[in-house]
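Structure, as structure tokens:
The values are calculated or read from the model by the stated rules, or taken from the named source; none is laboratory data. Small disclaimer: the values here were computed from a predicted structure and weren't measured. Here Cβ is always computed from backbone atoms with ideal geometry, including for glycine, and neighbour counts include all displayed protein chains.
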Amino acid sequence: MPFDLTVLTPHLDTLLAGALLTAGVCALGIAAAFALATALGVLAVGGGWAGRLARLYVDVFRNVPFVVQVFFLFYGLPEVGVYIDAFWTGVLALGLVGGAYGSDVVRSGILAIEPGVVEAAKVGGLSRPAIIRRIVLPIALRTAIRPLGSVFVNLVLSSSILSMITLDEVTGTARGVASETYRPFEVYAFLLAAYAGLTYAVSLGIDALHRRLNRHMADNGAARGAAPGAMEGTA
Amino acid sequence: MIAVEGVVKRFGAHTVLGGVSLTVAPGEVVTILGSSGSGKSTLIRCINGLETLDGGRVTVDGLDVADPRQLAQARRLSATVFQLFNLYPHMTVLRNITLAPELVLRRPKNEVEAQARALLASVGLAGKADSYPGQLSGGQRQRVGICRALAMNPRYLLLDEVTSALDPEMTAEVLAILARLATQGTTMLFVTHEVEFARRISTRIVFLDQGRLIVDLPTDQFFAADGGLAHPRIRQFLSKMAPSSTVAGAPVSEILA
Ligand SMILES: Nc1ncnc2c1ncn2[C@@H]1O[C@H](COP(=O)(O)OP(=O)(O)OP(=O)(O)O)[C@@H](O)[C@H]1O
Ligand SMILES: [Mg+2]
């Protein structure tokens with residue numbers, strides 16, 4: 001059989017709907033992961049029980065297979081009376097695991113900040129939340145944003161597992177179409193392109209954020225050791 | 001008034017400040033001299049609340065810096081200029097200066113920006129408001145650091161070796177600004193190795209030796225043969241300083257002669 005994309009035409013709506021669903025669950029999952037990663041990253045730097053708890057969370061979620069977490073949320077939680085539909089289970093699962101991986105990245109970004117910069121904000125009288133929001137996170141994210149991007153790309157790839165909890169995301173949909181049409185080559189070619197497009201979109205977003213966060217020259221903040229001028233933004 | 005009363009600071013088993021007492025009254029320019037490791041920076045950090053005390057008390061206009069609430073108030077009264085500038089690298093020069101006055105003192109943005117621009121102009125950086133710290137020379141950065149401190153309209157200015165990361169030309173730039181502040185009556189507590197400069201602008205000089213304040217004298221008495229110079233540690237310290245101290249004022253060799 002020659003390669004013939006027109007065989008997909010009758011199923012295009014289904015496939016595109018799947019791709020859209022994947023895009024939606026990933027976008028929300030990435031947003032949740034970003035929020036959780038920053039919060040956990042900040043907490044994990046500190047001592048005390050909050051810091052220890054944050055580090056414990058990260059260890060637990062990084063050491064359990066993603067599919068097990070998904071099953072636990074979708075099939076386990078209803079046993080104790082917590083029902084979450086497949087879509088929001090997907091968002092939650094991606095957020096929880098992405099938050100765990102991302103927090104490590106944020107944490108090392110924070111640890112690389114010149115302590116004197118934070119001290120200057122302290123003696124200036126800024127409150128702790130203001131220091132975190134205005135000084136610590138913007139500087140930490142300058143270096144953390146690229147590795148965070150890799151975490152987010154991995155989330156997109158992991159989202160294919162969500163077909164196992166009845167979510168009509170693009171991988172599950174594609175398998176259905178493939179078995180219906182007996183044209184796995186064309187169907188999976190579409191799937192490849194869909195994931196490539198989604199991850200490319202994530203990379204573009206990360207690049208834009210990176211440029212924005214590094215629109216000045218690297219100096220006495222987190223990015224010491226970078227090649228001179230390498231961080232110079234173009235925005 | 002800044003009042004340091006019997007302050008003790010230890011790092012592990014190492015006692016860095018062994019009961020230091022010192023006052024800085026409004027209008028005074030007090031210089032802390034002392035050899036490397038004598039505890040000068042630690043003393044400054046005890047005053048601005050960056051270190052917790054192991055003994056004694058520090059108050060700024062009666063506010064006890066050991067108490068978090070009072071420290072927050074005290075930090076509105078004093079401002080610190082750092083040896084390594086510690087500018088916020090991700091903010092423009094203007095934002096570096098306006099951030100704390102806006103957030104902490106809650107002053108209106110346009111008023112703070114106008115003051116910031118005036119301060120920048122007064123230190124010869126009128127054109128740099130929109131630059132980032134990484135685009136400035138060390139001397140320019142330190143001048144921004146001074147503007148950032150002054151924008152808080154502080155009653156007390158704390159300065160810890162603010163020129164020691166700068167080359168002689170930049171040092172001269174920054175010292176000229178500090179000299180002007182001193183003549184304008186700005187209250188300063190000043191750690192420096194620029195002995196000549198200290199002599200010129202200080203009302204008092206204190207000498208820290210291994211965590212103890214061994215001398216606290218008006219400037220002319222500090223340099224008098226029967227005053228500070230009677231102290232062997234201080235003679236030794238000043239003679240070591242001599243070769244590099246040519247930025248401002250008379251060379252130390254003349255004082256020691
Ligand atoms: N965070 C810290 N942990 C452990 N020891 C410290 C710490 N900060 C300072 N010290 C020690 O305290 C002593 C005094 O340090 P400090 O920085 O106050 O000296 P200084 O008089 O400012 O010296 P310099 O002229 O070199 O700046 C030194 O022996 C130093 O090693
Ligand atoms: Mg020091």
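Summary table
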read-out: Filtered residues of segment B:33-71 (kept if more than 14 Å from chain A (Cβ to nearest Cβ) and in a loop (DSSP other than H, G, I, E, B)); value: B:GLY34, B:SER35, B:SER36, B:GLY37, B:SER38, B:GLY39, B:LEU53, B:ASP54, B:ASP61, B:GLY62, B:ALA66, B:ASP67
read-out: Index of the failed condition, B:THR80 passing every other in (1) within 16 Å of ligand 2 (Cβ to nearest atom); (2) in a helix (DSSP H, G or I); value: (2)
read-out: Segment A:135-155, residues that are of a type in the set (Lys, Arg) and more than 7 Å from chain B (Cβ to nearest Cβ); value: A:ARG146
read-out: Some residue of segment B:194-209 being more than 16 Å from ligand 1 (Cβ to nearest atom), charged (D, E, K, R) and not assigned by TED's automatic domain parsing to the domain that holds B:SER38; value: no
read-out: Matching residues in segment A:25-60 - criterion: being under 25 Å from A:ILE145 (Cβ atoms), of a type outside the set (A, V, I, L, M) and free of Cβ contacts under 8 Å to residues at least 40 places away in the same chain; value: A:GLY46, A:GLY51, A:ARG55, A:ASP59
read-out: B:ALA100 among the small types (Gly, Ala, Ser), in a helix (DSSP H, G or I), within 13 Å of chain A (Cβ to nearest Cβ) and closer than 24 Å to B:PHE190 by Cα; value: yes
read-out: Residue that is farthest from ligand 2 (Cβ to nearest atom) [pool: residues in segment B:132-168 that are assigned to a helix (DSSP H, G or I) and within 11 Å of chain A (Cβ to nearest Cβ)]; value: B:GLN135
read-out: B:ASP160 vs. criteria touching a residue at least 60 places away in the same chain (Cβ under 8 Å) and of a type in the set (Asp, Glu); value: yes
read-out: Qualifying residue in segment B:135-143 (condition: in contact with a strand residue (DSSP E or B) (Cβ under 8 Å, 6 or more places away or on another chain) and among the charged types (D, E, K, R)); value: no
read-out: Residues satisfying the stated conditions in segment B:200-230, i.e. surrounded by fewer than 22 Cβ atoms within 10 Å (Cβ to Cβ), within 19 Å of the chain's Cα centre (by Cα) and not in a strand (DSSP E or B); value: B:ARG200, B:THR203, B:THR219
read-out: Hey, A:ALA100 touching a residue at least 40 places away in the same chain (Cβ under 8 Å) and in contact with a Gly (Cβ under 6 Å, 6 or more places away or on another chain) or not; value: no
read-out: B:SER137 vs. criteria of a type outside the set (Val, Ile, Thr), within 24 Å of B:LEU84 (Cα to Cα) and in contact (Cβ under 8 Å) with a residue 40 or more places away in the chain; value: no
read-out: Residues that are under 17 Å from A:THR38 (Cα atoms) and within 14 Å of chain B (Cβ to nearest Cβ), drawn from segment A:76-117; value: A:GLY109, A:ILE110, A:ALA112, A:ILE113
read-out: Residue that is nearest to ligand 1 (Cβ to nearest atom), among those in segment B:1-29 that are outside any strand (DSSP E or B) and over 21 Å from B:GLN210 (Cβ atoms); value: B:GLU28
read-out: Positions within segment B:42-79 being within 16 Å of ligand 1 (Cβ to nearest atom) and out of contact with any Asp or Glu (no Cβ under 7 Å at 6 or more places or on another chain), in sequence order; value: B:LEU43, B:CYS46, B:ILE47, B:ASN48, B:GLY49, B:GLU51, B:THR52, B:LEU53, B:ASP54, B:GLY55, B:VAL58
read-out: Some residue of segment B:108-131 being assigned to a helix (DSSP H, G or I), under 23 Å from A:GLU114 (Cβ atoms), at the interface with chain A (Cβ under 9 Å from one of its Cβ atoms) and free of Cβ contacts under 8 Å to residues at least 60 places away in the same chain; value: no
read-out: Members of segment B:30-41 found to be more than 7 Å from ligand 1 (Cβ to nearest atom) and not hydroxyl-bearing (Ser, Thr, Tyr), listed by number; value: B:VAL30, B:ILE32, B:LEU33
read-out: Residue match in segment B:32-51 (condition: polar (S, T, N, Q), more than 15 Å from ligand 2 (Cβ to nearest atom), crowded, with 17+ Cβ neighbours inside 10 Å and at negative phi); value: no
read-out: Odd one out for B:LEU84, checked against (1) within 16 Å of ligand 1 (Cβ to nearest atom); (2) modelled with pLDDT under 95; (3) surrounded by fewer than 16 Cβ atoms within 10 Å (Cβ to Cβ); value: (3)
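Results for (1) of a type outside the set (A, V, I, L, M); (2) exposed (fewer than 15 other Cβ atoms within 10 Å of the Cβ); (3) closer than 28 Å to A:LEU192 by Cβ, shown as yes or no for each residue.
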site: A:PHE3; (1), (2), (3): yes, yes, yes
site: A:LEU8; (1), (2), (3): no, no, yes
site: A:HIS11; (1), (2), (3): yes, no, yes
site: A:LEU20; (1), (2), (3): no, yes, yes
site: A:ILE30; (1), (2), (3): no, no, yes
site: A:LEU36; (1), (2), (3): no, no, no
site: A:LEU43; (1), (2), (3): no, no, no
site: A:ALA50; (1), (2), (3): no, yes, no
site: A:VAL60; (1), (2), (3): no, yes, no
